[in-house]
Structure formats: C-alpha cells, structure tokens
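Chemist: Got a structure for you, written out below as structure tokens; questions coming shortly.
What follows is calculated from the coordinates using simple rules that are stated; it is not laboratory data. Every value quoted in this text rests on a predicted model; they were computed, and no experiment measured them.
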Amino acid sequence: MSTVADQLRQAREARKLTIHQVADVTKIRSDHIRALEEGNFNVFSAPVYIRGFVRTYATLLKLDVPQTMAALDAELGRTEKFREPPPLSDEPRGALDFLMLQLSKVDWRKGLIAVGAVAGIAAIASVVLVTRHARRSDPLSGLKPGVYQTGQSNAGETLPLPAPAPTPRR
C-alpha cells in the first residue's frame, strides 16, 4: 500500500500539475508541498498543519479525502513526534463538562437576538397585565370617608373684574 505522500505526488503528476501551480491554487508554500510529497513531516511544527495541508491538497487533486485522512492518521500514529498526546486527565467528564461543551457551540449572535426577543415579549406582557389591573381596580377604593372642610374663610371676597375698555368717541 502506498503512503499518503506517494498518493499525493502520483495524483499531481497524473493531472500534469507543477508544484508551483499547486502552491498558487492552494496557497500552501512550495517547500511544504515538497515535504508532504516526500513524507518529510518533521518540517511541520504540529500535526494540525499536516492534516490541514493534506486535506486541502487532496481536495484539489480530487482524491478520496476521508480515506486519505485516515491513511494520514495511521501514518502519523506511527511517528513519535506527531502521535496524539494522551488526555490530560483520566477523570470521567461530568454534567458541567457537557454543559460547557454545548454552550461553546452556541451562536451568540442568534442567542442574543433570541434573548432580546424574549425580553421584549416579557416587557409587553407585563405592560398589558399592569394596564388590565389598573382598569379593574377602583382608584378611590382605598380612601376613607371624609368630611368637607374649608381651608380659609373667603366670605364676601370676589375676584376682581377687569376695567371696562373706554368707548371710542365719534
């Protein structure tokens, strides 16, 4: 079985593409393409770069990407440098971990719009309920019976009338 590097090189040559043409289309540096075709993965600092470049390159060459990626994972698993690190802890994940994972998947723009819509609906509903309650209740129901008392004695006082306007003479 041929390696991923051989598959990439053979597919590129079958399509009669040069390394520079592939570099122009994929925006991958030509020295990285050469390293991928030679199987020299030590050029790369992390396996994420290798996987991304191989996925892009295989897509351009119209290879079976899932099969190519599985073969690449098998090859990287045999190397010491790019083998996946063990998990950081052996503790089972709990409900909080699950909740945080789900929250990390939320599209917060849409979430804020939804929260704003719910808050708007709640505000409108509270205004409607308050106005209905105000209509039903008698505003004078809490008043005690009272006796009318005048504040000051204004006996005989009237408001002054304006002086009559002089009549024009003819």
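Chemist: Hey, could you pull the Cα Rg and Dmax for the chain, both in Å?
Modeler: Using the Cα atoms of the chain, the pair Rg, Dmax is 41.9, 130 Å.
Chemist: Run the helix sum for the chain: -39,500 (n - 2.57) per DSSP H stretch of 4+ residues, divided by residue count, reported at 222 nm to the nearest 500 deg cm²/dmol. Walk me through the numbers before you get to the answer.
Modeler: Details: 7 runs with 94 residues, N = 170.
It comes out at -17500 deg cm²/dmol, rounded to the nearest 500.
Chemist: Angle between the Cα long axis of helix 108-136 and the longest principal axis of the chain, 0 to 90 degrees, nearest 10?
Modeler: Once rounded, the angle reads 20 degrees.
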